[in-house]
Amino acid sequence: MSEFLQQLVFGLAIGGVYGSLALALVLIYRTTRVVNFAQGEMAMFTTFIAWSLIENHGFSFWPAFFVTLGIAFLLGVGVERLVIRNFEHSSHLTVILVTIALFVIFNGAAGWIWSPEQRAFLGPFSAAPFDVGGVAIARQDVGVIAVTLLTVALLWAFFRFTKLGLAMRAAAVGPEPSRLLGVRVGWMFAMGWGFAAVLGAVSGMMVAPIVFLSPTMMQAALIYAFAAAVLGGIESPLGAVLGGLLLGVGTTLLGAYVDVVTPELELPIAFVVLVLVLLFRPAGLLGRVVVRRV
Amino acid sequence: MPLLELEGVQARYGPIVALHGISLAVDEGEVVAILGANGAGKTTTLRAVSGTVATSGRIAYAGQDVARRGPEAVARLGVAHVPEGRGILAELTVWENLRMGAYMRRGAAVKADLERMATEHFPWIDERRGQQAGTLSGGEQQMLALARALVARPKLLMLDEPSLGLAPMIVQELFQVVRRLNEEEGLTVLVVEQNANIALDVSSRAYVLEVGAVAVEGSSDELRRHEGVRRSYLGY
């Protein structure tokens with residue numbers, strides 16, 4: 001029982017990481033209809049920046065965390081304004097190629113600047129476990145869950161309750177009418193990329209202490225994030241987060257309790273489940289059809 | 001000096017020329033109608049003003065040249081364009097749509113204005129705040145689009161075919177609101193209509209477009225008596 005709880009909490013932590021990266025993908029897809037293959041590499045790149053702030057510039061974790069979020073926001077805005085914007089009217093395939101190019105560029109740049117070797121990345125949470133009714137729960141896992149879910153909640157509140165958040169949603173669902181209302185739609189899209197990069201940075205900085213810091217550290221997470229986004233419904237932010245948590249818990253429990261499931265099999269099994277779900281619910285678990293009357 | 005002045009404005013969609021050099025003027029406080037058949041260039045004229053179609057020629061609004069400005073910039077100068085098809089944000093709620101109307105405004109008066117619009121001018125909005133706007137009926141969507149344009153406190157309101165697809169009662173109601181705002185608050189209105197009877201009722205002057213150019217212009221009373229206008233657009 002206590003081991004089950006430990007596995008469950010670990011699954012939620014890793015699922016929170018997948019979920020926030022999946023949410024980043026959904027955010028960009030909803031605002032600019034772009035499937036951003038570079039999302040994970042942008043997250044990795046910003047995590048390296050955090051590491052560099054801590055190692056080379058004397059920051060402690062939390063100041064480095066928040067400075068990195070600011071840098072990530074600017075990076076996301078910059079990528080949209082300088083690169084993606086030029087392909088606004090290009091075909092889907094062209095845009096996909098552009099994001100794959102960004103993937104390769106961020107990956108190569110990280111390897112070139114910081115060298116491709118694996119490094120330890122010390123997280124903010126101590127190794128000492130919590131004692132919950134006699135069960136030792138890793139402080140690290142609880143911390144990761146808290147940080148990722150808090151980030152998601154803050155972002156949700158921003159979109160739900162602020163004027164800027166409303167304008168960003170309006171720009172996403174109706175760019176033309178929004179322009180007529182005075183919304184600078186291009187900047188709304190850029191900010192969507194900025195917030196997505198912030199989510200990615202959070203997921204990168206949370207997962208780095210678990211998987212070690214390296215230029216390839218987000219690649220498996222990105223695949224899980226894509227799966228989570230599609231599983232939840234690519235248009236549904238809540239679905240992305242739930243999809244991430246489901247995948248995290250599901251793969252962790254499978255790995256722990258089904259003997260034949262070695263770590264090599266976790267990903268393929270997750271995808272078999274994903275394909276089965278999509279067979280029966282093509283729009284994903286929380287995907288919905290928008291009702292319109294003309 | 002007129003509030004809005006177009007001089008020799010041309011516009012095209014790819015190879016198709018939609019406006020062959022339109023000239024018209026709207027004074028402050030006027031209600032001006034643009035009449036004409038399908039494809040005469042009525043919608044394109046409004047789009048030229050709001051910056052949603054590329055043009056050549058001169059477009060002056062409140063003394064400024066706006067011909068090469070984007071729609072966001074024109075909206076920020078106080079031009080509210082309710083486009084054909086209304087431009088409702090279908091996935092957002094009724095109340096969120098209304099709030100978006102006041103996007104450009106700051107200050108404490110905004111909230112009171114929104115409340116007043118939803119309770120006094122369009123009372124049904126108050127009860128339907130949380131409803132997804134895409135599920136409203138056509139008439140309600142048109143009302144919401146008008147309410148949303150008005151909370152921006154525009155100097156110039158441009159309506160594109162507001163009566164299209166609506167029941168006569170609702171059309172009456174809609175134009176009553178427009179007339180009241182014109183009389184009480186001096187709102188300047190440029191309205192495109194296929195329904196010439198209604199348009200001439202509410203407007204003081206009108207332009208008749210034919211194949212992308214002004215064919216007839218005059219006061220609404222003159223146009224009502226004009227032989228050609230009567231035959232082609234009024235049906236008697």
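Quick note: the coordinates plus some simple rules give every number you see, no bench work behind them. Keep in mind that this is a model prediction, so the values were computed, not measured. Every residue, glycine among them, receives a Cβ derived from its backbone with ideal geometry; neighbour counts consider all protein chains shown.
Over the whole of B:77-84, what's the average partner chain Cβ count within 10 Å per residue? Rounded to a whole number, please.
Counting other chains' Cβ atoms within 10 Å and averaging over B:77-84 gives 2.
If the cut-off is 16 Å between C-alpha atoms, which aspartates and glutamates fall inside it for B:LYS42, apart from same-chain ones fewer than 8 positions away?
Correct list for B:LYS42: B:GLU5, B:GLU7, B:GLU84, B:ASP160, B:GLU161, B:GLU193, B:GLU210, B:GLU217.
So what is the relative contact order for segment A:2-280, in percent, with contacts set as C-alpha pairs under 8 Å and at least six apart?
39 percent
Mind checking the angle between helix A:2-32 and chain A's longest principal axis? C-alpha axes, 0 to 90 degrees, to the nearest 10.
That works out to roughly 10 degrees.
How far is helix A:139-161 tilted off the main Cα axis of chain A, in degrees rounded to 10, range 0 to 90?
Approximately 20 degrees, to the nearest 10.
Compute for chain B: radius of gyration divided by Kirkwood radius, i.e. Rg/Rh, restricted to C-alpha atoms, rounded to two decimals.
Reported Rg/Rh (Cα atoms, Kirkwood Rh): 0.96.
Under 28 Å from the Cα of A:LYS163, which lysines turn up, not counting those fewer than eight places away in the same chain?
Partners found: B:LYS111, B:LYS155.
Measure nothing fancy, just the Cα-based angle from helix A:237-257's long axis to the longest principal axis of chain A, in degrees from 0 to 90, nearest 10.
The angle comes out near 20 degrees.
Let me know the Rg and Dmax you get for the protein assembly as shown when you use only its Cα atoms, in Å.
28.2, 95
Rounded to whole Å and ordered largest first, report the semi-axes of the equivalent ellipsoid of segment A:2-280 derived from its Cα gyration tensor (root of 5λ). If you can, show how the numbers build up before the last one.
Values: eigenvalues 180, 97, 71 Å².
Over the Cα atoms of segment A:2-280, the ellipsoid semi-axes are 30, 22, 19 Å.
Please compute the average number of Cβ atoms from other chains found within 10 Å of each residue's Cβ in peptide A:172-178.
Per residue, the average neighbour count from other chains is 6.
Within a 10 angstrom radius of each residue's Cβ in B:90-96, how many Cβ atoms of other chains show up on average? Whole number is fine. Please list the in-between numbers first.
Numbers: counts 8, 9, 5, 0, 0, 0, 4.
Neighbouring Cβ atoms belonging to other protein chains average 4 per residue here.
To the nearest 20 debye, what is the magnitude of the charge dipole of the protein assembly as shown about its Cα centre, counting +1 on the Cβ of each Lys and Arg and -1 on the Cβ of each Asp and Glu?
Its charge dipole is roughly 360 debye.
Net charge around A:VAL249, counting only other residues with Cβ within less than 14 Å of its Cβ (Lys, Arg = +1; Asp, Glu = -1)?
Numbers: positive: none; negative: A:ASP141, A:GLU266.
Here the charged neighbours net out to -2.
Choose one of A:LEU122, A:ALA283, B:LEU187: the residue whose Cα lies farthest towards the positive end of the charge dipole of the protein assembly as shown (beta-carbon charges +1 Lys, Arg; -1 Asp, Glu; about the Cα centre).
Final value for the positive-end residue is B:LEU187.
Out of all DSSP beta bridges with both ends in the protein assembly as shown, state the antiparallel percent to the nearest 5.
Around 60 percent antiparallel, to the nearest 5.
From the phi angles alone, apply the Karplus equation (6.51, -1.76, 1.60; θ = phi - 60°) to segment B:219-228 and give each ³J(HN,Hα) in whole Hz, x where the residue is Gly or Pro.
6, 4, 5, 4, 5, 4, 8, 5, 3, x
Helix-only mean residue ellipticity at 222 nm, chain B, DSSP H runs n ≥ 4 weighted -39,500 (n - 2.57), per residue, nearest 500. What is it?
For chain B, the value works out to -9500 deg cm²/dmol.
Need one number: convex hull volume per residue for segment A:115-201, Cα atoms only, in Å³.
Details: hull volume 12.3 nm³, N = 87.
Taking only Cα atoms, segment A:115-201 has a hull volume of 142 Å³ per residue.
Taking the Cα centre of each part, how many Å lie between segment B:177-212 and segment A:90-146?
60 Å
Which GluC sites (Glu not before Pro) does segment B:63-138 hold that lie in a coil by DSSP with at most 16 other beta carbons within 10 Å?
Sites meeting the loop and neighbour criteria: B:GLU84.
Please express the Cα-Cα pair-distance distribution P(r) of segment A:156-270 as a list of whole percents, one per 5 Å bin, running from 0 to the bin with the greatest distance.
2, 10, 15, 18, 17, 13, 9, 7, 5, 3, 1, 0
I need the phi-derived Karplus couplings for segment B:74-89: 6.51 cos²θ - 1.76 cosθ + 1.60, θ = phi - 60°, integer Hz, Gly and Pro marked x.
The phi angles translate into 5, 4, 5, 7, x, 9, 9, 10, 8, x, 4, x, 6, x, 5, 8 Hz.
Two decimals is fine: what is log10 I(q)/I(0) at q = 0.10, 0.13, 0.19 Å⁻¹ for segment A:1-143, from a Debye sum with one equal scatterer on every Cα and no solvent?
-0.46, -0.73, -1.19
Under the rule of at least 5 residues apart or a separate chain, name every residue whose amide H is placed under 5 Å from the amide H of B:ALA213.
B:HIS20
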